[in-house]
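Q: There's a structure below that I have some questions on.
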């Protein structure tokens, strides 16, 4: 599913490109997930294990212009994950890292047909992974983005829309619309 629709970088209602990099908060102070998610980094994964899934999403984030050191990204994500699982339950994992080599917030999303063991507290297999890389000096914003994503992903309707979506554009819309409704 790693395709991008033709209008991924078309201007939105405010005149900004939807696929453009952005900080975590829009003009209204609400979390701007749309600016962090590029449809080219929304993948259907056929990974059979946690490490394989993480590597695929790291590869997707490493190509983002917001990431200046792909090696540091890989090391940071894997170190964080091996220290403490980011499997948050309900079939969702949110691996995340703060690094000096990340210029702006960027997100990759992986969807799995068959769940994988992620070491989640509820022991449910993970079918949805949202990987986040953020600038090192934005600790408060970082926590706000993780909290906003977690809140949205705990909504059954949002997870269902994501899992049944047919295109990256539909997956992005499910997350973005959920964040606008909250």
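Q: Let me know the whole percent of all Cα-Cα pairs from the stretch 40-102 that are separated by more than 16 Å.
A: For the stretch 40-102, the share of Cα pairs beyond 16 Å comes to 45 percent.
Q: Among DSSP beta bridges lying fully in the stretch 37-181, give the percent that are antiparallel, nearest 5.
A: Antiparallel bridges: around 50 percent, rounded to the nearest 5.
Q: In addition: Take 71, 169, 50 and order them by how many other Cβ atoms sit within 10 Å, fewest up front.
A: Placing the least packed residue first, the sequence is 71, 169, 50.
Q: By its C-alpha gyration tensor, with a ≥ b ≥ c as the square roots of the eigenvalues, how is the stretch 37-181 shaped: rounded for a/c under 1.5, else prolate for a/b larger than b/c, else oblate?
A: rounded
Q: Let me ask another. How big is the stretch 83-150 by Rg and Dmax over its Cα atoms, in Å?
A: 12.5, 36
Rule-based calculations on the coordinates, nothing more; no lab input. All values reported here derive from a predicted model rather than from experimental measurement. So basically every Cβ, Gly included, is an ideal-geometry build from the backbone, and we count neighbours across all protein chains shown.
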